[in-house]
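The values are calculated or read from the model by the stated rules, or taken from the named source; none is laboratory data. Because the structure is predicted, anything quoted here is derived from the model rather than measured. Ideal geometry is used to build each Cβ from the backbone, glycine not excepted, and the neighbour counts take in all protein chains shown.
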Amino acid sequence: MLTSSPRGTTDILPEEARRWQWMEAVARSLCARYGYEEIRTPAFEHTELFERGVGDATDIVEKEMYTFLDRSQRSLTLRPEGTAGVVRAYLQARLYSQPQPIKLYYIGPMFRYGRPQSGRLRQFHQFGVEAFGSEAADLDAEVITLAGDFFQSLGLTGLELHLNSVGCADCRPGYRQELVQYLTPRVGELCETCRSRYERNPLRILDCKNEACQSLSVGAPKVTSFLCPKCAAHLRAVENHLRASGMAYVLDPFLVRGLDYYTSTAFEIMLPGEAGGSIGGGGRYDKLVEVCGGPPTPAVGFAVGLERTLLAMKQQGLTPAPSRGPLVFVAVAAPEARAAAWEVLCALRRAGLNADKDFLSRSLKAQMKYADRLGARLAVILGPEEIAGGWVTVRDLQHGIQDRVNRDELIGYLQQFLPDKQVENK
Ligand code: HAM
């Protein structure tokens, strides 16, 4: 118990954390390029926000939320997704009074109490973006291309973008009615979950992975045949912009997302192959800000699952984990050199160099082995001779070449020797 993490959670150990840092850096630089700024919202919110925002007939709200009463008997919920909290923050900070669109991004942990399996965790991480205050189709296209560029920058290939429109308050009820009519004589063939969805959330049946439900869906009426002129025109405009940006997509009239807030555009990015599945998804949610008590504000966004992204990268043999070993390892050839070595180490670090030392009183040979293990590029060695002469020995650990350098000139020497980017900003 004390040595295992709770079910559905994982530790991200240093080697893996380097991959995460790299992936997050890709996300951040892409967001800067697209003009999206970071927002950090709390990991828990009032339960009502998700009940109203995500929708109380969704699997997430019905079965997957970590909800608890705090010591003051308030009902709080660990965020199962990022959109609702960002909408709440947008309203609380009155961001709607600033020039629109407001374009935000976040990277952080989300919590869903599902059955853990490969790529499905109880604490997982999303990178997501939300853009508020414009109903222009090119904003939908921007958000979608940003998602596509993210995966492309990571080197992932073979992903498929599925696009649909789920209609709006004007046209969805008509479609829903048609769908219910189609399903009514077939309810008995549905899986147990879908039988309950039939009453409360029939559109979700189209998205069921059960074989019987899927084969029923094939003959079902398509939402795209019921779109109002505004939704139909919007979908066409999004398609045009995607085509112009060179982004391939598949129109998928049975794509329904697992959250209730979507209006018109809905999309998902699917992994290739049998195991497939969604790696990210999003869409428009033009009513959510209002539902949460704000002024009418159109919005669009997406989120990608970062664990699933890393898993896909591993499956495609893309596992960059750049070594972050110290550039310089400061070693002592004799105990009396320790004080001088400490001074040198401090000076190197203050000069912006990544440097480390031994903390276990190892022999010089063992220090060199350890330096190697850490991935150090150079060793600076100090012994009695070096101290008396005011110099140090610098050993290139890759090539085995050794040099004698004046202590006063050491920093300049190392900085010249090392590639620019390895010298951190001072
Ligand atoms: P979502 O489709 O529920 O959308 O989640 C987005 C992504 O999070 C999924 O495609 C998947 O990669 C990842 N994900 C979801 N659940 C898990 C889990 N249990 N374990 C691991 N990864 C998971 C949303 O959350 C929306 N808020 C997206 C959005 C933003 N729509 C508009 N703006």
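Of the residues that sit in the range 314-328 and are assigned to a loop (DSSP other than H, G, I, E, B) and more than 30 Å from PHE359 (Cα to Cα), which one is farthest from the ligand (Cβ to nearest atom)?
Narrowing the range 314-328 to residues assigned to a loop (DSSP other than H, G, I, E, B): 316-327.
Going one step further and asking which of them are more than 30 Å from PHE359 (Cα to Cα), we end up with 316-319.
On the way: GLN316: 16, GLY317: 20, LEU318: 17, THR319: 19 Å.
In this case the residue turns out to be GLY317.
Somewhere in the range 62-74, is a residue assigned by TED's automatic domain parsing to the domain that holds GLY281, at pLDDT below 95 and either of a type in the set (Ser, Thr, Tyr) or over 30 Å from LEU154 (Cβ atoms) (or both)? Looking for residues that are assigned by TED's automatic domain parsing to the domain that holds GLY281, at pLDDT below 95 and either of a type in the set (Ser, Thr, Tyr) or over 30 Å from LEU154 (Cβ atoms) (or both), one finds at least one in the range 62-74, hence yes. Every condition in (1) away from the ligand (no atom under 12 Å from the Cβ); (2) under 18 Å from the mean Cα position of the chain (by Cα); (3) among the β-branched types (Val, Ile, Thr) holds for VAL289 except the one numbered (2). The single residue among ALA379, ALA371 that is assigned by TED's automatic domain parsing to the domain that holds ARG338 and in a helix (DSSP H, G or I) turns out to be ALA371. List the pairs whose first member sits in the range 329-348 and is assigned to a helix (DSSP H, G or I), whose second member is of a type in the set (Val, Ile, Thr), and whose Cβ atoms are under 6 Å apart, counting only residues at least 6 apart or on separate chains? Between residues of the range 329-348 that are assigned to a helix (DSSP H, G or I) and residues that are of a type in the set (Val, Ile, Thr), the close pairs are ALA337/ILE387; ARG338/VAL332; ALA340/ILE387; ALA341/VAL330; ALA341/VAL332; VAL344/VAL330; LEU345/VAL330; LEU348/VAL328.
Could we say that GLY114 is small (Gly, Ala, Ser), in the same structural domain as GLY305 (by TED's automatic domain parsing), farther than 18 Å from GLY35 by Cα and away from the ligand (no atom under 13 Å from the Cβ) here?
Working: small (Gly, Ala, Ser): yes; in the same structural domain as GLY305 (by TED's automatic domain parsing): yes; farther than 18 Å from GLY35 by Cα: yes; away from the ligand (no atom under 13 Å from the Cβ): no.
Criteria not met by GLY114.
Filtered by the rule that a residue be without any contact (Cβ under 8 Å) to a residue 40 or more places away in the chain and among the aliphatic types (A, V, I, L, M), the range 1-50 gives MET1, LEU2, ILE12, LEU13, ALA17, ALA25, ALA32.
Go through the range 299-310 and give me each residue that's in a helix (DSSP H, G or I) and either closer than 19 Å to HIS162 by Cα or more than 6 Å from the ligand (Cβ to nearest atom) (or both). First the steps, then the outcome.
Of the residues in the range 299-310, the ones in a helix (DSSP H, G or I) are 306-310.
Once the filter is applied, which keeps residues that are in a helix (DSSP H, G or I) and either closer than 19 Å to HIS162 by Cα or more than 6 Å from the ligand (Cβ to nearest atom) (or both), the range 299-310 yields LEU306, ARG308, THR309, LEU310.
Results for (1) in contact (Cβ under 8 Å) with a residue 24 or more places away in the chain; (2) of a type outside the set (Asp, Glu); (3) surrounded by fewer than 16 Cβ atoms within 10 Å (Cβ to Cβ); (4) part of a loop (DSSP other than H, G, I, E, B), shown as yes or no for each residue.
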{"residue": "LEU235", "(1), (2), (3), (4)": "yes, yes, no, no"}
{"residue": "MET247", "(1), (2), (3), (4)": "yes, yes, no, yes"}
{"residue": "PRO295", "(1), (2), (3), (4)": "yes, yes, yes, yes"}
{"residue": "ALA312", "(1), (2), (3), (4)": "yes, yes, no, no"}
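Which residue, of GLY283, GLY276, is under 24 Å from GLY133 (Cβ atoms) and either near the ligand (Cβ under 9 Å from one of its atoms) or in a loop (DSSP other than H, G, I, E, B) (or both)? Spell out how you get there, then give the answer.
Working: GLY276 fails: under 24 Å from GLY133 (Cβ atoms).
The conditions single out GLY283.
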